[in-house]
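Following: one structure in structure tokens, then a few remarks.
Just so it is clear, none of the values below were taken in a lab; they were calculated from the coordinates. Owing to the predicted nature of the structure, the values given are computational and were not obtained by experimental measurement. Note: ideal-geometry Cβ built from the backbone for every residue, glycine included; neighbour counts use all protein chains shown.
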Amino acid sequence: MASSRVDLDGNPIKPITICMIGAGGFIGSHLCEKLMSETPHSVLALDVYNDKIKHLLEPHTLPWASRIQFHRLNIKHDSRLEGLIKMSDLTINLAAICTPADYNTRPLDTIYSNFIDALPVVKYCSENNKRLIHFSTCEVYGKTIGSFLPKDSPLRQDPAYYVLKEDESPCIFGSIEKQRWSYACAKQLIERLVYAEGAENGLEFTIVRPFNWIGPRMDFIPGIDGPSEGVPRVLACFSNNLLRGEPLKLVDGGQSQRTFVYIKDAIEAVLLMIENPARANGHIFNVGNPNNEVTVRQLAEMMTQVYSKVSGEAPLEKPTIDVSSKEFYGEGYDDSDKRIPDMTIINRQLGWNPKTSLWDLLESTLTYQHRTYAEAVKKVIAKPVAS
Ligand SMILES: NC(=O)c1ccc[n+]([C@@H]2O[C@H](COP(=O)([O-])OP(=O)(O)OC[C@H]3O[C@@H](n4cnc5c(N)ncnc54)[C@H](O)[C@@H]3O)[C@@H](O)[C@H]2O)c1
Ligand SMILES: O=C(O)[C@H]1O[C@H](OP(=O)(O)OP(=O)(O)OC[C@H]2O[C@@H](n3ccc(=O)[nH]c3=O)[C@H](O)[C@@H]2O)[C@H](O)[C@@H](O)[C@@H]1O
């Protein structure tokens with residue numbers, strides 16, 4: 001497996017050690033899985049939780065057992081962090097608060113998590129001449145230029161007014177009272193800091209801007225493997241509604257548009273970045289699937305159809321209900337209107353293209369959700385309420 005691997009320029013790939021911060025989350029779990037099963041690299045996996053990577057850590061007889069080591073630590077206050085970065089060739093920082101329900105209700109935690117807590121990671125990488133792959137977000141683009149044009153303006157159809165380009169598009173956020181943008185703003189500032197460390201101190205960096213990566217193990221199902229009152233990202237919200245046989249909630253009419261990419265496609269892009277530093281260093285990459293665009297309403301409709309197919313249960317007569325953003329997220333919520341990633345840079349540097357259609361990725365993801373959660377949800381629903 002490992003010895004014959006070559007990079008995009010035909011050079012043999014040497015095994016490296018990766019310090020992965022936030023390795024126990026959704027993206028981290030898929031990246032660890034890929035690195036263990038298909039590469040010779042070693043991972044120091046840092047997180048406060050490890051439930052999503054347990055299957056990679058135990059039993060100790062797993063073929064990659066000597067290449068993955070879990071360190072339970074909170075990067076906010078743990079003196080082991082610098083040592084672990086020093087022991088590694090590359091650091092990948094995934095740690096963040098990244099669920100929109102938190103941005104306007106816990107803005108301080110959001111800003112600290114996405115900016116302040118990421119600062120020492122950037123500093124240790126820069127001071128110790130270690131390469132850094134930092135996870136940012138497509139939310140740094142905020143709203144499209146087109147969203148400010150009159151509703152009937154033909155320019156709204158012109159890609160120049162909505163396609164998001166790493167090196168050209170502006171970052172357009174709402175006012176300060178719209179605390180939704182606390183996350184995007186913190187991510188933008190840490191991007192600028194990483195970029196400046198590169199420019200002034202020679203830090204070798206890559207910045208990743210994921211565009212709605214979805215798939216198995218994303219977030220949690222409220223009341224099953226997360227808090228009953230918790231609000232995860234849309235895939236888990238809609239999965240939860242489908243599992244419980246309740247209508248899917250469309251925030252402000254479900255008119256916002258998103259492009260969804262399958263986690264397994266996106267992880268291929270990250271692996272190319274890891275193994276092709278000469279092509280990835282100094283770059284910011286959009287990673288998304290411009291062909292998988294839908295409104296949130298269309299997403300709800302498609303998930304309803306797919307879930308019916310994989311579960312064998314008939315869809316509800318009225319599968320969606322409208323809910324205001326104030327009711328659903330509280331004061332200070334705002335939204336990105338449309339997110340189409342420009343793929344020129346990642347195509348040119350890494351030759352990467354997403355492959356999986358929205359229908360196919362929903363089919364495999366909802367098959368997983370049904371298999372993993374349907375029984376547990378049924379049990380919770382069947383429980384008599386305590387009087
Ligand atoms: N999933 C997406 O589509 C998406 C899109 C845009 C950006 N991102 C970015 O990618 C990164 C990973 O996202 P994800 O979807 O895997 O989220 P996730 O919440 O599943 O994973 C983040 C992980 O970081 C850990 N973490 C948070 N704070 C920590 C701390 N102080 N110390 C140690 N561990 C800590 C969490 O426990 C969690 O396991 C984030 O930076 C996020 O902003 C993700
Ligand atoms: O995934 C990304 O690329 C980035 O975008 C996400 O932001 P967003 O797409 O707005 O978050 P979701 O929770 O996935 O919501 C998508 C859309 O669905 C809507 N929604 C969500 C949940 C729900 O039950 N109903 C509903 O209509 C939201 O209002 C929003 O318009 C999160 O900010 C991050 O995880 C990430 O940085």
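Worth pointing out:
- Among beta bridges that DSSP assigns inside the stretch 96-374, antiparallel share in %, nearest 5: 15
- Tail fraction, Cα-Cα pairs, the stretch 251-375, threshold 24 Å, whole percent: 45
- Largest to smallest principal axis extent of the C-alpha atoms in the chain, angstrom: 57, 55, 40
- Amide H contacts of CYS19: LEU44, ASP89, LEU90, THR91, ILE92, each under 5 Å away and 5 or more positions distant or on a separate chain (H built 1.01 Å from N in the peptide plane; Pro and chain starts excluded).
- Within the straight-line cut-off of under 27 Å between alpha carbons, the lysines reachable from LYS338 are LYS143, LYS151, LYS165, LYS178, LYS187, LYS249, LYS264, LYS318, LYS326, LYS355, sequence neighbours fewer than 8 places apart in one chain being disregarded.
- Per-peptide packing, taken as the mean over residues of other Cβ atoms within 10 Å, places 308-317, 354-363, 238-247 in the sequence 238-247, 354-363, 308-317 from highest down.
- Sequence-distant residues sharing a close amide H with ILE340 (under 5 Å, placed H): LEU164
- The stretch 24-96 and the stretch 260-321: distance between their alpha carbon centers, rounded to Å: 24
- With one equal scatterer per alpha carbon and no solvent term, the Debye-computed log10 I(q)/I(0) for the stretch 229-316 at 0.14, 0.21, 0.23, 0.25 1/Å reads -0.64, -1.04, -1.15, -1.26.
- Per residue Cα convex hull volume in Å³ - calculated over the stretch 282-323: 119
- For the stretch 63-107, the alpha-carbon coordinates run over 41, 27, 18 Å along the three principal axes, in decreasing order.
- Global form of the stretch 127-239, assessed from the alpha-carbon gyration tensor, a/c cut-off 1.5: oblate
- Total formal charge among the other residues, if their Cβ is under 15 angstrom from that of ILE97, Lys/Arg +1 and Asp/Glu -1: -1
- The residues packed around HIS134, meaning those with a beta-carbon under 15 Å from its beta-carbon, carry a net charge of 0 if Lys and Arg are +1 and Asp and Glu are -1.
- If you model the stretch 1-136 as an ellipsoid using its alpha carbon gyration tensor, with each semi-axis the square root of five times an eigenvalue, the axes come out at 27, 18, 14 Å, biggest first.
- Other residues lying with their Cβ under 13 Å from the Cβ of GLY202 contribute a combined charge of -2, Lys and Arg counting +1, Asp and Glu -1.
- Compactness of the stretch 305-387 was expressed as the Cα radius of gyration divided by 2.2 N^0.38 Å, which yields 1.64.
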